[in-house]
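S.K.: Right, I'll just put the structure down here and ask away after.
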Amino acid sequence: MHWQTELIGPSHVAMNRIRIAIAVDDDALERLEDVAGACRALGFLGDTTLAGVGVLTGSIEVNRVEALRAIPGVAIVELERHLRVHTLPRRSM
């Protein structure tokens, strides 16, 4: 069996919204709710907060990603990507 992989992403929630994960700086974990509030003020729609590790997941307008990265306490903004695996037919030799 032959496999082909294809990287698909970022996944779109709506026409111009993308799914993201935001990692909060370790020294800002005590202010996680403040950082989340600043993200929401930019249009971030959060669906999961992993307070123990300082990660927020949700979606935002694609043109607001750079503004999120500038928020004090935001370490990383990662775009969600999907991996699809396709089975290719066997080639006869």
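The values are calculated or read from the model by the stated rules, or taken from the named source; none is laboratory data. Because the structure is predicted, anything quoted here is derived from the model rather than measured. Here Cβ is always computed from backbone atoms with ideal geometry, including for glycine, and neighbour counts include all displayed protein chains. SASA here: full protein model, heavy atoms, side chains in, ligands and nucleic acids out. Shrake-Rupley method; radii C 1.70, N 1.55, O 1.52, S 1.80 Å.
S.K.: Residues that are closer than 30 Å to ARG90 by Cβ and modelled with pLDDT under 60: list the strands (runs of 3 or more DSSP E) wholly contained in segment 1-43 that include at least 3 such residues.
M.R.: Output list reads 2-8.
S.K.: Considering only residues that are of a type in the set (A, V, I, L, M) and within 11 Å of ILE20 (Cα to Cα), which ones fall in segment 39-54?
M.R.: Matches in segment 39-54: LEU45 only.
S.K.: Go through segment 44-72 and give me each residue that's in a helix (DSSP H, G or I), open to solvent by 50 Å² or more (accessible area, probe 1.4 Å) and touching a strand residue (DSSP E or B) at 6+ places or on another chain (Cβ under 7 Å).
M.R.: Within segment 44-72, VAL62, ARG69 meet the criteria.
S.K.: For segment 13-34, give me each residue that is within 16 Å of the chain's Cα centre (by Cα), open to solvent by less than 50 Å² (accessible area, probe 1.4 Å) and of a type in the set (A, V, I, L, M).
M.R.: ALA14, ILE18, ILE20, ALA21, ILE22, ALA23, VAL24
S.K.: For ASP47, work out the one condition from (1) free of Cβ contacts under 8 Å to residues at least 24 places away in the same chain; (2) touching a helix residue (DSSP H, G or I) at 6+ places or on another chain (Cβ under 7 Å) it doesn't fulfil.
M.R.: (2)
S.K.: Take segment 54-93 and flag every residue that is modelled with pLDDT under 95 and closer than 14 Å to LEU29 by Cα.
M.R.: Passing the criteria: none in range.
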